[in-house]
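The values are calculated or read from the model by the stated rules, or taken from the named source; none is laboratory data. Predicted model, so just to flag it, every value in this text is computed and none were measured. Here Cβ is always computed from backbone atoms with ideal geometry, including for glycine, and neighbour counts include all displayed protein chains.
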């Protein structure tokens with residue numbers, strides 16, 4: 001006599017088998033799944049829902065997660081935030097319409113740390129900062145900072161985590177400026193302040209007045225090795241790198257690759273080294289790497305990237321390194337307008353279509369590693385679901 005098992009019963013048996021496994025084995029299995037699949041596992045049963053909310057699983061999964069990209073696309077009709085793998089930009093792991101967070105179209109991504117994103121509402125009528133996890137679809141709105149930015153004042157932010165205590169901190173540098181009306185250059189910085197917001201405290205703390213180096217309001221602090229990094233300029237026009245130690249909350253500067261020369265650059269991370277991407281030249285973008293962290297003499301020019309014909313000429317736009325791909329190609333973000341792919345073998349630069357539609361939009365792209373870390377772990381913060 002032959003016996004058959006219905007597909008629905010077979011699926012039920014498989015689920016019963018998986019849910020009957022010891023918790024430590026289930027955690028080991030779940031930690032190896034892609035982020036999108038792990039999120040879907042929440043709906044299998046209550047046991048798996050509880051396990052996927054366990055901080056231990058979130059941390060274990062993060063250590064095994066494949067680095068990806070966070071893409072923010074702003075258009076008149078939509079304001080989308082997507083996270084995806086570098087292998088396929090158009091198949092998002094998660095997608096969120098930021099209009100559910102704020103009606104303002106002027107949202108910027110100001111940092112990415114351990115699966116959390118720092119978002120900034122750049123509308124000058126209301127400066128607001130949010131920390132969100134696109135996978136858990138949770139966010140918190142930070143308390144408003146003390147000062148409201150009005151031109152010619154600027155504010156720049158950085159987001160990082162301390163090495164020893166795992167405290168997540170947002171750093172805000174606020175500067176009042178006096179501008180030469182003819183040249184547009186900064187004449188004087190009468191006030192320069194630094195504030196720190198530790199997630200879970202619900203408030204900003206004043207670090208105090210800081211040395212009046214000029215910061216570029218278009219740049220964000222690059223997190224690397226427990227420090228946040230900015231390109232700064234002293235009032236004599238000398239370019240430096242400013243590093244803010246998140247542990248002891250102190251600044252220490254070190255030299256740029258070419259002290260005494262103007263640059264149009266951004267700080268990034270390349271092959272686990274601090275790097276600087278310089279767009280000063282009319283014809284090429286230079287990428288410098290600091291081989292020994294903090295040692296000014298260790299700067300070395302790593303790549304010279306020829307610009308596409310339509311980008312040749314004088315530029316005031318910031319270029320950032322996004323990712324070095326497995327084939328040696330380099331992804332660059334050009335002024336939050338487009339993403340470029342530089343082929344190191346052919347020395348050809350081409351635009352990459354990271355969004356599914358083109359038009360009058362801005363495209364931000366930032367390195368992102370998916371995580372199931374819940375922002376509910378930060379006490380004294382009001383958590384909202386998207």
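Could you run through region 146-178 and say how many residues are at pLDDT 95 or above, in contact with a strand residue (DSSP E or B) (Cβ under 6 Å, 6 or more places away or on another chain) and assigned to a loop (DSSP other than H, G, I, E, B)?
So the answer is 1.
Go through 283, 254 for me and flag whichever is in contact (Cβ under 8 Å) with a residue 40 or more places away in the chain and more than 21 Å from the chain's Cα centre (by Cα).
Matching residue, one of 283, 254: 254.
Out of all the residues in region 306-315, is one or more closer than 29 Å to residue 98 by Cα and modelled with pLDDT under 90?
So far as region 306-315 goes, no, none of its residues is closer than 29 Å to residue 98 by Cα and modelled with pLDDT under 90.
Name the single residue, out of those in region 260-302 being in contact with a helix residue (DSSP H, G or I) (Cβ under 8 Å, 6 or more places away or on another chain) and surrounded by fewer than 16 Cβ atoms within 10 Å (Cβ to Cβ), that is farthest from residue 67 (Cα to Cα).
292
Could you tell me which residue of region 306-336 is surrounded by the fewest Cβ atoms within 10 Å (Cβ to Cβ), considering only residues that are over 21 Å from the mean Cα position of the chain (by Cα) and closer than 13 Å to residue 265 by Cβ?
Checking each candidate, the answer is 316.
Please find, within region 179-225, the residue that is nearest to residue 120 (Cα to Cα) out of those that are assigned to a loop (DSSP other than H, G, I, E, B) and free of Cβ contacts under 8 Å to residues at least 40 places away in the same chain. Steps first, answer last, please.
Here is the first cut: in region 179-225, the ones assigned to a loop (DSSP other than H, G, I, E, B) are 180-185, 199-203, 210-213, 216-220, 225.
Of the ones still in play, those that are also free of Cβ contacts under 8 Å to residues at least 40 places away in the same chain are 180-185, 212.
Numbers: 180: 28, 181: 29, 182: 31, 183: 29, 184: 26, 185: 26, 212: 24 Å.
Top of the filtered list is 212.
Is it the case that residue 202 is at pLDDT 90 or above and under 23 Å from residue 333 (Cα atoms)?
Taking the combined requirement at face value, the residue does not satisfy it.
Test residue 120 against the criterion of being more than 23 Å from residue 378 (Cα to Cα), surrounded by 17 or more Cβ atoms within 10 Å (Cβ to Cβ) and in contact with a strand residue (DSSP E or B) (Cβ under 9 Å, 6 or more places away or on another chain), and give yes or no.
Criteria not met by residue 120.
Could you tell me whether any residue of region 310-319 is within 16 Å of residue 222 (Cβ to Cβ), in the same structural domain as residue 219 (by TED's automatic domain parsing) and touching a strand residue (DSSP E or B) at 6+ places or on another chain (Cβ under 6 Å)?
The answer is yes, given that some residue of region 310-319 is within 16 Å of residue 222 (Cβ to Cβ), in the same structural domain as residue 219 (by TED's automatic domain parsing) and touching a strand residue (DSSP E or B) at 6+ places or on another chain (Cβ under 6 Å).
Residue by residue through region 123-140, note down the ones that are part of a loop (DSSP other than H, G, I, E, B) and surrounded by fewer than 20 Cβ atoms within 10 Å (Cβ to Cβ).
123, 124, 125, 126, 127, 137
Could you please give the count of residues in region 71-101 that are more than 20 Å from residue 352 (Cβ to Cβ) and within 19 Å of the chain's Cα centre (by Cα)?
6
Have a look at 236, 227 and point out the one that is surrounded by fewer than 17 Cβ atoms within 10 Å (Cβ to Cβ) and either within 22 Å of residue 173 (Cβ to Cβ) or touching a helix residue (DSSP H, G or I) at 6+ places or on another chain (Cβ under 6 Å) (or both). Can you show your working first?
Numbers: 227 fails: surrounded by fewer than 17 Cβ atoms within 10 Å (Cβ to Cβ).
After ruling out the rest, the residue left standing is 236.
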